[in-house]
1. At least 3 residues that are touching a residue at least 60 places away in the same chain (Cβ under 8 Å) and touching a strand residue (DSSP E or B) at 6+ places or on another chain (Cβ under 8 Å) in each: list the helices (runs of 4 or more DSSP H) lying fully within the stretch 96-191 that qualify.
2. Suppose the filter is of a type outside the set (D, E, K, R), modelled with pLDDT of 95 or more, at positive phi and away from the ligand (no atom under 16 Å from the Cβ); does Gly57 pass it?
3. Being among the hydrophobic types (A, V, I, L, M, F, W, C), in a helix (DSSP H, G or I) and within 16 Å of the ligand (Cβ to nearest atom) narrows it down to one of Ala18, Ala44, so name that one.
4. Just checking, does the stretch 66-74 include any residue being touching an Asp or Glu at 6+ places or on another chain (Cβ under 8 Å) and within 16 Å of the ligand (Cβ to nearest atom)?
5. Check Trp51 against each of (1) away from the ligand (no atom under 16 Å from the Cβ); (2) closer than 18 Å to Gly122 by Cβ; (3) in contact with a helix residue (DSSP H, G or I) (Cβ under 9 Å, 6 or more places away or on another chain) and name the one condition it does not meet.
6. Checking the conditions here, which among Thr12, Thr4 is within 16 Å of the ligand (Cβ to nearest atom) and in contact with a helix residue (DSSP H, G or I) (Cβ under 9 Å, 6 or more places away or on another chain)?
7. I need a count of the residues in the stretch 100-115 that are surrounded by 19 or more Cβ atoms within 10 Å (Cβ to Cβ) and within 16 Å of Gly178 (Cα to Cα).
8. Taking the stated definitions as given, is Gly49 part of a helix (DSSP H, G or I) and within 30 Å of Gly226 (Cα to Cα)?
Amino acid sequence: MYTTLLFDLDDTLLDFKAAEKQALSSLFRELRLPLTQTIQQRYATLNTGLWQEYELGKITRETLLKTRFTLLFKQLDQKIDGVACEKRYRSYLSKGHALVPHASEICGILKQDFHLEVATNGIAKMQLQRLADSGLDNYFERVFVSEEAGFQKPQLEFFNYIAQELPYFEKERTLIIGDSLTSDIAGGNRFGIDTCWFNPNLVTNQTSTTPTFQIRQLPDLIKLLGQQK
Ligand SMILES: [Mg+2]
C-alpha cells in the first residue's frame, strides 16, 4: 500500500486556467484596454508557442517571459512596455488560487493516512504564495518546486531530489497524481513509481505514456487508495 502521495499543483489541485484568465483581465483593466476574445486567443497562441520552444530548448525561460507580452502588444499595434506588463501579469497570476473541485476536502481526508507532498514545476515564490492563499498548504509536509530543485518534471533528477529530501521515502510506496501525461506521468514512469492521471475532461491519451491509474475527479482517489490497502 502507498504511504506517500506526490501531488502536482496546477490543474490538479489549483485551477491554473482560471488564474491565467483572471490575471490577463486584471492586466488589461489596469492598462484600460478592452480584453476581447480575439486578444485572449492571440495571447494563448503566442504563449503556447513560446512554451513549446522553451520545452524544446530553443529559447530560455527568460526569453519566454520577456517576449510574450512584447509580441502581443506589437501584434496589437500598441506602444506598451511588454516586459513591465509581463511582471504585472505575473504578480496577478501569483494571486490566482482557485481550487479544482473537492481539492481541499480530499487533501484533508488523505492527510490522515498518507504523507502528502507537492511536486510542481514553476517559480518557487509564486507557487508557495498560491498554495498558501488557497489554504491547501497545511495539508502538505513538503513542497517541491522545480526552480528550487534545479530540475523539473519529467526529469529524473527532480524525482531523485525529492527522494533524497524525504526520510520516509520508498519508491514502491509512492504514487504521483497529476494532470499532465508529459510531465507528471512520464516523470513518474521514468523514475519508477506508480502514477495516477487526473483526467477530468476524459481526453484521449495520444502519447506513448501509460499511467498506472486514471481518475476523472479527485474524490475517485479515495476509492482507488482504499482498494490498494
Ligand atoms: Mg498540472
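1. Working: elements: 103-111, 124-134, 146-149, 156-165, 186-191.
In the stretch 96-191, 103-111, 124-134 are the helices (runs of 4 or more DSSP H) which contain 3 or more residues that are touching a residue at least 60 places away in the same chain (Cβ under 8 Å) and touching a strand residue (DSSP E or B) at 6+ places or on another chain (Cβ under 8 Å).
2. Details: of a type outside the set (D, E, K, R): yes; modelled with pLDDT of 95 or more: no; at positive phi: yes; away from the ligand (no atom under 16 Å from the Cβ): yes.
Spelling it out, it is not the case that Gly57 is of a type outside the set (D, E, K, R), modelled with pLDDT of 95 or more, at positive phi and away from the ligand (no atom under 16 Å from the Cβ).
3. Numbers: Ala44 fails: within 16 Å of the ligand (Cβ to nearest atom).
None of the other options fit; the residue is Ala18.
4. Looking through the stretch 66-74, none of the residues is touching an Asp or Glu at 6+ places or on another chain (Cβ under 8 Å) and within 16 Å of the ligand (Cβ to nearest atom).
5. Only one criterion is unmet by Trp51, namely (1).
6. On the way: Thr4 fails: within 16 Å of the ligand (Cβ to nearest atom).
Result of the check over Thr12, Thr4: Thr12.
7. So the answer is 5.
8. Details: part of a helix (DSSP H, G or I): yes; within 30 Å of Gly226 (Cα to Cα): no.
Considered against the rule, which asks whether it is part of a helix (DSSP H, G or I) and within 30 Å of Gly226 (Cα to Cα), Gly49 comes out as no.
The values are calculated or read from the model by the stated rules, or taken from the named source; none is laboratory data. Keep in mind the model is a prediction, meaning the values are calculated, not measured. Counting neighbours? That spans all protein chains shown, and the Cβs are built from the backbone with ideal geometry, glycine included.
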